[in-house]
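The values are calculated or read from the model by the stated rules, or taken from the named source; none is laboratory data. A quick note: this is a predicted structure, and the numbers were derived from the prediction, not measured. Heads up, the Cβs are rebuilt from the backbone with ideal geometry, glycines too, and the neighbour counts pull from every protein chain shown. Heads up: the accessible areas ignore ligands, DNA and RNA and are worked out on the full protein's heavy atoms, side chains in. Shrake-Rupley method; radii C 1.70, N 1.55, O 1.52, S 1.80 Å.
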Amino acid sequence: MTGSVRTAPQPSAFTNALRPGVRRRELWAWAMYDFANSGYTTVVLTTVFNSYFVSVVAQGRSWGTLALTAALSVSYLLVMFTMPSLGAYADASGKKRRVLFLSTLGCVAATAMLAVVGPGAVLLGLVILAVSNYCYCVGESVIAAFLPEIAQPNALGRVSGWGWGFGYFGGMLALGFSLYIVTSLAAGGFEAPQYVAIVMLFTAGLFALSALPSFLLLHDRSLPNRRSRSAPLKQLKHAWRETSGFFPDFRLLLICGAFYQAGIAVVVTLAAVYANQAMGFTMAKTMLLVFVVNIAAATGALTFGHFQDRAGHKKALALTLMGWILMVLVAYAAVSEWIFWIAAGLAGLCMGTSQSAGRAMVGALAPQGRLAEFYSLWTFAIQLAAVVGPFTYGLVTWLTDGNHRQALLVTGLFFVAGLVVLQRLDFARGVKVRDTYSLSGHENSLNEE
């Protein structure tokens, strides 16, 4: 049209959040991994296989739950002691995507193998479950290390939230189809070993298919740092000493994360148990509860990241930890079912925000060239929490003769401790240390040990 002025297209919110050279399809591919692996945690660890193992594989014996949690604890301990070395390898070689692919392949294969676990196959089921969970945790750590390479420094919160939020929808999709499979086949006269086997194969297939974009479109942008590596335990010892001497605020973040993630681990692992034992929920109502928590978590993750980027990482995490403390108090006081549903909604919101906020804070404090290694230390803290939190809850219920309300109240202390440690963290100082970090000088200190 004559006289018209053509204006340049305005950059979208997605474009403004991404580093130069990163396309939106790569952001989508990165978020698809959260979508992919959430089905594993929701179906295998939270709803279907854990219940099936205790009731059918262990044939309802009293030690079934203990055996299940022990196998998971072993896998968490293995992740704790090996992940720093794996992260250092990924950074030294510049091959994060290779580690991600191998861990995903291991988790998918092991999840599919759970289909052969029938009544009485206790040891087989525990070994396969431990392997699948170990591989899942490795992949979860490595995919997080791509975040600072994709997102602008001032957009880490919202991009992390997009991934977490997208992931919760993946978990709900997997759970929805799994419940359809279970109810349809059970109504048709199929036994639990038959329909659970189909659910495990479906979950493995969904994981593999959804993770494909991550391997096809994600790029390793960090150059190999060529740092020397040590045996796993020595590497872990050195990393802990190094954070004390060179990255004190990152170390405080690790301690803070270990505390509040212990509380989250209780909610993730034992929410269904609490709903049943303390509130008298049926299985159907408990599954509905899981959906509500996931919807609230997705909402929190997708929206809270924008607030985090504007208000600051420390303030945002402090706010969500106070939300967790409020949730514990509401759930503890809940004598009516509707009050407990409010607590469940709060738990979902806080889960999505706190997990997303933690991942973004690690990305903000980790030095370039060592992203996988520093995220592996965050994984160490999370897995330590996954062992300590549920064990503490179980210990309190045992000491109080099955008082789940008292155990939940004690769980709230983890969030209080995390909030106290967070107040000591100087985020601006941590960013300055990250920016002035000298890799060559630090390599010399490593070699002199």
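Within the stretch 20-31, can you find the residues that are in contact with a helix residue (DSSP H, G or I) (Cβ under 9 Å, 6 or more places away or on another chain) and farther than 13 Å from LEU147 by Cα?
Within the stretch 20-31, ARG23, ARG24, ARG25 meet the criteria.
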Take ALA357 and tell me if it is modelled with pLDDT under 80 and either in a helix (DSSP H, G or I) or of a type in the set (Phe, Trp, Tyr) (or both).
no
Only one of VAL44, VAL54 is touching a residue at least 24 places away in the same chain (Cβ under 8 Å) and β-branched (Val, Ile, Thr). Can you tell me which?
VAL44
Out of the residues in the stretch 86-102 that are of a type in the set (A, V, I, L, M) and closer than 19 Å to ALA239 by Cβ, state the one that is surrounded by the most Cβ atoms within 10 Å (Cβ to Cβ).
ALA90
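Got at least one residue in the stretch 176-185 being assigned to a helix (DSSP H, G or I), open to solvent by less than 10 Å² (accessible area, probe 1.4 Å), in contact (Cβ under 8 Å) with a residue 40 or more places away in the chain and of a type outside the set (Val, Ile, Thr)?
Yes, some residue in the stretch 176-185 is assigned to a helix (DSSP H, G or I), open to solvent by less than 10 Å² (accessible area, probe 1.4 Å), in contact (Cβ under 8 Å) with a residue 40 or more places away in the chain and of a type outside the set (Val, Ile, Thr).
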Taking the stretch 365-386, which residues are at pLDDT below 85 and over 15 Å from GLU140 (Cβ atoms)?
ALA366, PRO367, GLN368, GLY369, ARG370, GLU373
Provide a single number: the residues in the stretch 1-46 that are closer than 18 Å to ALA298 by Cα, open to solvent by less than 30 Å² (accessible area, probe 1.4 Å) and modelled with pLDDT under 85.
0
Single unsatisfied condition, PRO367 versus (1) in a helix (DSSP H, G or I); (2) touching a helix residue (DSSP H, G or I) at 6+ places or on another chain (Cβ under 7 Å)
(1)
Please go through the stretch 303-332 and pick out each residue that is more than 17 Å from VAL416 (Cβ to Cβ), open to solvent by 10 Å² or more (accessible area, probe 1.4 Å) and among the aliphatic types (A, V, I, L, M).
ALA311
Just for the stretch 50-81: of the residues that are among the aromatic types (Phe, Trp, Tyr) and surrounded by fewer than 19 Cβ atoms within 10 Å (Cβ to Cβ), which one is farthest from the chain's Cα centre (by Cα)?
TRP63
Would you call ALA115 buried (at least 23 other Cβ atoms within 10 Å of the Cβ) and of a type in the set (Gly, Ala, Ser)?
no
Can you tell me which residue within the stretch 387-430, out of those that are part of a loop (DSSP other than H, G, I, E, B) and either of a type in the set (Gly, Ala, Ser) or at pLDDT 90 or above (or both), is most open to solvent (accessible area, probe 1.4 Å)?
ARG424
